[in-house]
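Asks: First the structure, which I've put down as structure tokens, then a few questions once you've had a look.
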Amino acid sequence: MREPHPLLAVDDLSIDMTVARGTVRILDGVSFSLASGETLGVVGESGSGKTMTALAIMRLLPQPSARLGAESRILFSGKNVLKLDERAMRRLRGREISMIFQDPMTALNPLFTVGEQIAETVRWHEGGTRAAAQARAVDMLRAVRIPHPERAVRSYPHQFSGGMRQRATIAIALACRPKILIADEPTTALDVTVQAQIFDLLEDIQEETGTAIILISHNLSTIARLTRRIMVLYGGRKVEEGPTREIIRNPRHPYTEALLRCVPGLRSEAEHDAELPEIPGTVPAPEELGGGCPFAPRCSHAAARCRSTMPPAAALGEKHKVACWLHEAAQSAVT
Amino acid sequence: MAELAVGRERKPGSGFSQGLRRFAENRAALAGLIVLLLIALMGFIGPLVYPVNPFAIVATPMAPPGDGAPLGADYLGRDVLAGILAGARVSLFIGISATFCTAIIGTVTGSIAGYYGGKADTILMRITEFFQVLPPLLLSMVLVTLFSPSVLTVILSIGLVNWIGTARIVRAEFLRIKGEGYVLAERAMGAKNGRIIFRVILPSALPSLIVVTTLQIGIAILFAAALSFLGLTDPNVMTWGLMIGQSRPFIWQTWWAVTFPGIAIFMTVLSVSLIGDGLNEALNPRLRPR
Amino acid sequence: MAVVKLVLARLAQGVLLVFAVVVLNFLLIHLAPGDPAQVLAGEFGGTTPQILAQIRATYGLNHPLWVQLLTYIGHVARGNLGQSFYFNQPVLSLILQRLPATLLLVITAQVSAILAGTMLGVIAARRPHGWLSQGITVTALIGYSTPVFWLGIMLLIAFAYLWPIFPIGSMETIGFEGGIFHEALNILHHLVLPAFTLAFVYLAQYSRLSQANMLETLGSDYIRMARAKGLPEWLILYKHALRNALIPVVTIAGLQFSQVLAGAILVETVFDWPGMGQLTYESILRRDYPLLLGILLISAVVVVVVNILTDLSYRLIDPRIGAGSVTGVGYGT
């Protein structure tokens, strides 16, 4: 049986950003959905629009420079969060949808204890006594496996190491048992060994609580380990989406292919930390894009059509979709 | 070693003309410059155009503006406008001379501390702490009182208490610049310390030195005004602060005798500050917002 | 305890600085033109040959210079800052009588400048190019360029003469009788203009500083995190951002305290505020050197004490410094 609504459905999300030289479209017609308890991976280089997608879901896009496209809809349990007023949105943030950020060193307020930063979220969303919130903070710190949680709760962020801090932000994010956790490059700023520990933690939490996770990374291998489904963004567009296994084994978009070539065999994470520069060229600045495929300037298969017209999404199987003229045949076969 | 090669291009002074152009585009700074020039003009040509002795009793005591004196007369009948014209020259002279002292002391101590570091730097730090607990204005009051008030003691006392700010900026600049490629290159070529300090580093530190010195002129003028307000000034030289101080018991009767000299101080210091801010933006591009 | 250790270290440093001021005073007495005994007696006030002889004996002025220095330090250490012959009172007790009024004025001015300045800065930070923000920048420039004594006179003319809502000066209405509450109110009424005059410069300066810090803080990751937690804007602003933006303001306020104290001399003179500043003016007027040098010394002591207090309050706001790590469990990497 299928649910009446997916937990989260992002529909035709577009974002225009005002920059010094005018307005550019940094995200263009991205759609995807997330079922409860699922883990979705979002891959792309910096500038591909993955963080903006996350911030759009949280309704935390930089104001007033970012504007959402008119057709954009973000449905949480069937309700369009883009239509919610700020009060209702605040009830959603941190309680239904949480987010953790790339750099744990700066994500915690240095002037408050870690416990206070967990407890204030609990108290704000659920009310209750200070003591109860504090007790929850201890529980959360234990849940993210911080040693001596009773003492750690009274510590200040500067007394924590990087990995500990990221655990603490995860504890904050999960304190109100949200249905969705958005993790934006949660391990990029951490040591390799610590990275693995954080991923183990996220995996376990997923199993225990059934929280759906959107895992954002520039690193395909980290995504591959934790997710069942992957979405690849490039230049503000979704270029490929499908089950993780299928994408790893049989990438259809030249960009995904290139990404995978840089990650031979998906071995240890240490080996491919900086794999992306090996794709010739760099991500085009959004304002440099014409109407064509954003990857065309770097693509070895690029034809004239690729540079002028954006290919539509083609379905290659039940769940596998790709936006590339190479698969036009499949496209027509579906329709 | 690559930085040694490129270092040469970033030699000091190259941005100077560019900086001047940026300064000319800064309307506030330009306005400040014009006002300051007008005040200077007023101080030097004013007494010729309006030859009234500021100490002479030329009007009815407490005559309001327009009545015998354009800006009124004080409680003795002395012309306020004449006092303001005479005060302009003195203010600028004291402000610039005192700042000259601070610039000299500050540059010498700051460059020694910044260049040699170690003991010299520690001593400068101790002196800085010392001046931080001594209210500078109070110290200069004590100095002028003890050594009897005159234009010279006023200038020297202000110079002696205000050089720390300059020294700290020069020190910071020296610390920053002495690690740069072109300085290392000079040293590698066997240049003597004296040459490196005066011919290489100091020119690079000049923009910051100019900015802080300009701002110090404003501080010095305010200090001089405060001292003469308290009567710590040569009684035979008319200054704006002295005018305000002497007319203070009569503010209810002669508001003009305190208001106009105050406006003169304010305009002078304001124009100097605007010029200083403008120079800062023009000469220190790395401090400017993008 | 680290806090105690810290206070002791700062105290030791302060004692050294005050000691340096004592030596400076001694040097000034001897460098000043004329006979040191005459300097120690002050110019006005009946200095008879007997008094001068007595001063020579007390300070050992016939002995070598280093003995004189030790004698002088000994006197100061015992609290003898000399005699004001004009007031015919020991210098120390004269100053201590006037110190509370000065502290009331200076602390009121600084605390209101810090609080109001930070508040304005926080509000202005919401619109970096709004009218309030620009107003603060202009006010800061004006405040910086205005002689504080002149500002005081202008305020007196405006609010004590043209529109007389405040008294013309002094600290209390002469012959005022009433309960403690009314008396406090009376003092407060007299305090408004001088405190505002003294606070004006710093108010705008602190607003600018806190606005800049607030803008930086509001762009920081932990503020984004706080938003992602669903906290309301007021809580983010006043709990998470304000405290961070306050730190640099407190630091600067502490560093500037000696300037504020010097400003108080001028403001007290204008408003006839019966504090140490007014005493300074009188001692300058009478050439009462022992009193003037005593004021210099006590000012340094006050600044040292205030700096230590600032340091401590700084530590209360920011756990990262000093005391905070003592309670740490040692969560290293």
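Asks: Based on other C-beta atoms within 10 Å, arrange C:THR269, A:THR227, C:THR251 from fewest to most. Numbers along the way, then the final one.
Replies: Details: C:THR269 25, A:THR227 22, C:THR251 15.
In increasing order of surrounding Cβ atoms, one gets C:THR251, A:THR227, C:THR269.
Asks: Report, for the protein assembly as shown, the % of DSSP beta bridges that are antiparallel, rounded to 5.
Replies: Values: 32 of 51 bridges.
Here the antiparallel bridges make up roughly 65 percent for the protein assembly as shown.
Asks: Hey, rough spin-label estimate for B:PHE198 and B:ALA172, points 7 angstrom out along Cα→Cβ, what's it come to in nanometres?
Replies: For B:PHE198 paired with B:ALA172, the spin-label model returns 2.7 nm.
Asks: Between C:LEU11 and B:GLN18, what is the FRET efficiency for a Förster distance of 51 Å, r being their Cβ-Cβ separation, to the nearest 0.05?
Replies: For R0 = 51 Å, the calculated efficiency reads 0.50.
Asks: Next up: Going by a ≥ b ≥ c, the root eigenvalues of the Cα gyration tensor, does the protein assembly as shown fall in the rounded group (a/c under 1.5), the prolate group (a/b larger than b/c) or the oblate group?
Replies: Working: a/c = 2.28, a/b = 2.06, b/c = 1.11.
Prolate, because a/c is 1.5 or more and a/b exceeds b/c.
Asks: What FRET efficiency, computed as 1/(1 + (r/R0)^6) with R0 = 35 Å and r the Cβ-Cβ distance, is obtained for C:LEU162 and C:LEU103, rounded to the nearest 0.05? Spell out each step's value before the answer.
Replies: Numbers: r = 31 Å, r/R0 = 0.89.
Taking R0 as 35 Å, the efficiency between C:LEU162 and C:LEU103 is 0.65.
Asks: Mind checking which of B:ILE123, B:ILE45, B:LEU232 is farthest towards the positive end of the stretch B:38-287's charge dipole, using Cβ charges of +1 (Lys, Arg) and -1 (Asp, Glu) about the Cα centre?
Replies: Projecting each Cα onto the dipole axis, the largest value belongs to B:ILE123.
Asks: Report the paramagnetic label zone for C:ILE142: residues of the stretch B:195-232 whose backbone N is under 19 Å from a point 7 Å from Cα along the Cα-to-Cβ axis.
Replies: Answer for this model: none.
Asks: Give, rounded to the nearest 20 debye, the magnitude of the charge dipole that the protein assembly as shown has about its Cα centre when Lys and Arg contribute +1 at Cβ and Asp and Glu contribute -1 at Cβ. Intermediate values should be presented prior to the final figure.
Replies: On the way: 79 positive and 66 negative charges, 261 e Å.
Once rounded to the nearest 20, the dipole reads 1260 debye.
Asks: Given Cα pairs under 8 Å that are at least 6 residues apart, what percent is the relative contact order of chain C? Mind dumping the intermediate values first?
Replies: On the way: 374 pairs, mean separation 87.5, N = 333.
Across chain C, relative contact order equals 26 percent.
Asks: Now for a different question. What ranking do C:MET276, C:MET154 get, fewest neighbouring Cβ atoms within 10 angstrom at the top? Don't jump to the answer; show the numbers that get you there.
Replies: Values: C:MET276 30, C:MET154 19.
With the fewest neighbours first, C:MET276, C:MET154 line up as C:MET154, C:MET276.
Asks: May I pose another question? Can you compute 3J(HN,Hα) from phi for each residue in the stretch B:189-202, using the Karplus curve 6.51 cos²θ - 1.76 cosθ + 1.60 with θ = phi - 60°, rounded to whole Hz and x for Gly and Pro?
Replies: So the Karplus estimates, Gly and Pro as x, are 7, x, 5, 6, 3, x, 5, 4, 5, 8, 9, 10, 7, 4 Hz.
Asks: OK, next. Run the numbers on chain A and let me know its relative contact order in percent, using alpha-carbon pairs under 8 Å that are six or more apart.
Replies: Numbers: 617 pairs, mean separation 65.0, N = 335.
Normalised by residue count, the contact order of chain A is 19 percent.
Asks: Provide the FRET efficiency to the nearest 0.05 for the C:LEU31-C:LEU70 pair, computing r from the beta carbons and using R0 = 25 Å.
Replies: Working: r = 18 Å, r/R0 = 0.73.
Computed FRET efficiency for C:LEU31 and C:LEU70: 0.85.
Asks: Separate question: How many nm separate the modelled label positions at B:ARG126 and C:ILE187, each set 7 Å beyond the Cα in the direction of the Cβ?
Replies: The two pseudo-label positions are separated by 4.1 nm.
Asks: Same structure again: Going by C-beta contacts inside 10 Å, put C:TYR238, A:TYR255 in order with the fewest on the left.
Replies: C:TYR238, A:TYR255
Asks: Using only Cα atoms, tell me the angle between helix B:80-116 and the longest principal axis of chain B; keep it within 0 to 90° and round to the nearest 10.
Replies: 20 degrees
Asks: Evaluate the relative contact order of the stretch A:88-166 (contact order divided by residue number), counting alpha-carbon pairs under 8 angstrom at least 6 apart; express in whole percent.
Replies: Details: 73 pairs, mean separation 29.3, N = 79.
Result for the stretch A:88-166 is 37 percent.
Asks: Once the piece of chain linking B:ALA191 and B:LEU37 is laid out straight, how much longer is it, given 0.36 nm per residue of separation minus the C-alpha distance between them? It would help to have the intermediate numbers written out before the result.
Replies: Details: separation 154, 0.36 × 154 = 55.44 nm, distance 4.19 nm.
The B:ALA191-B:LEU37 span can extend by a further 51.3 nm.
Asks: Right, something else. Provide the gained length on full extension for the span A:SER36 to A:SER161, in nm with one decimal, where the gain is 0.36 nm per separating residue minus the Cα-Cα distance.
Replies: Details: separation 125, 0.36 × 125 = 45.00 nm, distance 3.21 nm.
Result for the pair: 41.8 nm of gain on full extension.
Asks: Stretched out fully, how many nm does the piece from A:HIS148 to A:LEU60 gain, at 0.36 nm a residue minus the Cα gap? List each step's numbers first, then the result.
Replies: Values: separation 88, 0.36 × 88 = 31.68 nm, distance 3.40 nm.
Gain on extension, A:HIS148 to A:LEU60, equals 28.3 nm.
Asks: Here's something else I'd like to know. Please list 3J(HN,Hα) in residue order for the stretch C:177-189, calculated via the Karplus relation 6.51 cos²θ - 1.76 cosθ + 1.60 where θ = phi - 60°; whole Hz, with x for glycine and proline.
Replies: Residue by residue, the stretch C:177-189 yields 10, x, x, 4, 4, 5, 5, 4, 5, 4, 5, 4, 4 Hz.
Asks: Roughly how crowded by other chains is peptide C:139-152, in terms of the mean Cβ count from those chains within 10 Å of each of its Cβ atoms? Mind showing how you got there, number by number?
Replies: Numbers: counts 0, 1, 6, 3, 0, 7, 13, 7, 14, 5, 12, 14, 2, 1.
The shielding value for this peptide is 6.
Asks: If you don't mind, there's one more thing I want to ask. What spacing in nm lies between the two simple spin-label points modelled at C:ILE252 and C:VAL111, each 7 Å away from Cα in the Cβ direction?
Replies: The two pseudo-label positions are separated by 2.2 nm.
Asks: Moving on. Compute the helix-to-body angle for B:16-25: its Cα long axis versus the longest principal axis of chain B, expressed 0 to 90° and rounded to tens.
Replies: That helix lies at roughly 40 degrees to the long axis.
Asks: Let me ask something else about it. Over chain A, how many percent of alpha carbon pairs lie in each 20 Å bin up to the one with the longest distance?
Replies: 30, 57, 12, 0
Asks: Compute the Cα gyration tensor for chain C, then decide on rounded, prolate or oblate, letting a ≥ b ≥ c be the square roots of its eigenvalues: rounded whenever a/c is under 1.5, prolate when a/b is larger than b/c in the other cases, and oblate in all that remain. Could the numbers behind the result be given before it?
Replies: On the way: a/c = 2.64, a/b = 1.52, b/c = 1.73.
Oblate, because a/c is 1.5 or more while a/b does not exceed b/c.
Asks: Given the rule -39500 (n - 2.57) for each run of at least 4 DSSP H residues, summed and divided by the residues of the protein assembly as shown, what is its mean residue ellipticity at 222 nm, to the nearest 500 deg cm²/dmol?
Replies: Details: 37 runs with 551 residues, N = 958.
Mean residue ellipticity at 222 nm (helix-derived): -19000 deg cm²/dmol.
Asks: Just going by the charge dipole of the protein assembly as shown, with Lys and Arg at +1 and Asp and Glu at -1 on Cβ, which of C:PRO319, B:ALA257, B:ALA88 is farthest out on the positive end?
Replies: Checking the options against the dipole of the protein assembly as shown, the answer is C:PRO319.
Asks: Sequence-distant or interchain residues sharing an amide H contact under 5 Å with A:ILE182, placed H: which?
Replies: Distant-sequence amide H within range of A:ILE182: A:SER98, A:MET99, A:ILE100, A:ILE214.
Asks: Related question: Apply the Karplus curve 6.51 cos²θ - 1.76 cosθ + 1.60, θ = phi - 60°, to the phi angles in the stretch B:230-240 and return the couplings in whole Hz, x for Gly and Pro.
Replies: Result, rounded to whole Hz: 7, x, 8, 7, 5, x, 9, 10, 6, 10, 5.
Asks: I've got another one for you. List the pairs from A:LYS83/A:LYS179; B:LYS178/C:LYS5; A:LYS238/C:LYS229; A:LYS179/C:LYS229; A:LYS321/C:LYS229; A:LYS83/A:LYS319 whose alpha-carbon separation is above 25 Å, in the order I gave them. All intermediate terms of the calculation are to be shown ahead of the outcome.
Replies: Working: A:LYS83/A:LYS179 20 Å; B:LYS178/C:LYS5 37 Å; A:LYS238/C:LYS229 28 Å; A:LYS179/C:LYS229 14 Å; A:LYS321/C:LYS229 34 Å; A:LYS83/A:LYS319 29 Å.
From A:LYS83/A:LYS179; B:LYS178/C:LYS5; A:LYS238/C:LYS229; A:LYS179/C:LYS229; A:LYS321/C:LYS229; A:LYS83/A:LYS319, over 25 Å: B:LYS178/C:LYS5; A:LYS238/C:LYS229; A:LYS321/C:LYS229; A:LYS83/A:LYS319.
Asks: Which log10 I(q)/I(0) values, to two decimals, does the stretch B:38-287 give at q = 0.12, 0.13, 0.15 Å⁻¹ under the Debye formula with one point per Cα?
Replies: Result of the Debye calculation: -0.75, -0.84, -1.01.
Asks: Under a 5 Å amide H to amide H cut-off, with H placed in plane at 1.01 Å, what residues pair with C:TRP273 once short-range neighbours are removed?
Replies: So C:TRP273 has HN proximity to C:SER170.
Bear in mind these aren't lab numbers, they're just calculated from the coordinates by the rules spelled out. Owing to the predicted nature of the structure, the values given are computational and were not obtained by experimental measurement. Please note: Cβ atoms are built from the backbone with ideal geometry, for glycine as well, and neighbour counts cover all protein chains shown.
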